[in-house]
Amino acid sequence: MTLMEKLAVLTDAAKYDAACTSSGAQRTAGSGTLGSATMSGICHSFSADGRCISLLKVLFSNCCIYNCQYCVNRVSRETKRASFTPEELAELTIGFYRRNYIEGLFLSSGVLRSPDYTCEQMIRTLELLRNHYQFGGYIHVKAIPGADPLLIEKLGLLADRMSVNIELPSQEGLRLLAPDKSKHSILQPMGYIAGRIAENTRDLSVYRHAPHFAPAGQSTQMIIGATPDSDRHILSLAEGLYRRYGLKRVFYSAYLPVTENALLPAPGTKPPLLREHRLYQADWLLRYYGFQADELLDEQHPDLNPLLDPKCGWALRHMELFPVEINRAPYEMLLRIPGIGVKSARRIVRARRASSLDFTALKKLGVVWKRAQYFVTCRGRMTPGLRVTPESVLRALAEPQGLSLLEETPEQLSFFSGASCGSRAGKEEPHESPLSLLA
């Protein structure tokens, strides 16, 4: 098999991995080095400052000794197999960089022979890039669960970001679909990486020339829709991972049915892309807006509403907190108002120090007034002539995807019949519990 044939096979096998990001790396080219932070396998990601970065996204090998039922590269599946040598992959990466095709590398692999052997081959590849070719660009590498911690250590000293895929949200899902893996084998390297990152941060505070260990942090990926786990379980797990392991990102990948198995959705089933989208929105609320998983979902409502983004859904279930007077509300409450983001909340806090804000000023500050107008007052008043009914608010807040669902299933509006959606002229009115409205 030629090098380009290997490239075609191994870049195609890597396309199912969503955990591809380059934000957080701070690396500049030094004297005598290359890089600073055909087109096959090139994906686009974004840096912390908003730049679009091209990465070569590829597997070292799609040969695997494991038999994960959801994976296209499992050992029992008949597929074309290929493996690079460390020299081939390093030379290919540098060749792409010199042609200005890429700015970095995203490297993963099937488990070839054993976790330790696979990890050793990836280390050899990165050593050639860093030491022989003097490549100073961005590298994201997948740690192999089950590999020796010393090998994980070497990988982290050569890469900018590391990740360990948690794969499925529950131990039961792993037992049924990935019997060769376990919760312990996945969380152990994740915990080791988190500990080494924290230790390295302390070392750098004392000695700034200390070697960097995964300076861009670590991330993980969960497959959504392959198992019956609820959104509440998934978000609670993500929240725990952020708190315990300090992850930079949790990626959610809608399961694409590509294999036949009685435990998996049938081939041809549409991947749950809208659900994936809602989970990313909820994840953003956990990371930047001060929400907790048990605020967004509970036992009575274990899944996110497809009609509304999670913040709007939360607001409709807690109308007793609204409307909020925009000139007096604390910053933490501003973040919970639909239509107000982190930047616009900061602008509001700064602007109201100088003068009282009105509707026009809020629009100029970047507030999405179409959403926010149902939840705020300015100088004690809501928008004149605004018709605030449960039906009008739901239709106004439903996104394009949700609106089409609403038109197909008008019975959704029956949940709101006879309920008040808030207040007019700044005075609260009694209303039915939104929890029952969004059942």
Original post:
When GLN218 is evaluated against the numbered criteria (1) in contact with a Ser or Thr (Cβ under 6 Å, 6 or more places away or on another chain); (2) farther than 23 Å from LEU151 by Cα, which criterion, by number, is the only one it fails?
Top reply: (2)
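Determine which member of the set LEU237, LEU168 is buried (at least 24 other Cβ atoms within 10 Å of the Cβ) and under 23 Å from the mean Cα position of the chain (by Cα). So that I can check it myself, show each step before the final result.
On the way: LEU237 fails: buried (at least 24 other Cβ atoms within 10 Å of the Cβ).
Exactly one of LEU237, LEU168 is buried (at least 24 other Cβ atoms within 10 Å of the Cβ) and under 23 Å from the mean Cα position of the chain (by Cα), namely LEU168.
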Original post:
Is it the case that some residue within segment 321-336 is of a type outside the set (Asp, Glu), on the phi > 0 side of the Ramachandran plot and in the same structural domain as SER355 (by TED's automatic domain parsing)?
Top reply: no
Original post:
Given the conditions (1) modelled with pLDDT under 90; (2) among the small types (Gly, Ala, Ser); (3) more than 24 Å from the chain's Cα centre (by Cα), which single one is not true for SER182?
Top reply: (3)
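The values are calculated or read from the model by the stated rules, or taken from the named source; none is laboratory data. None of the values given here were measured: they were computed from a predicted structure. Quick reminder, even Gly has a Cβ in these numbers, built from the backbone with ideal geometry, and neighbours come from all protein chains shown.
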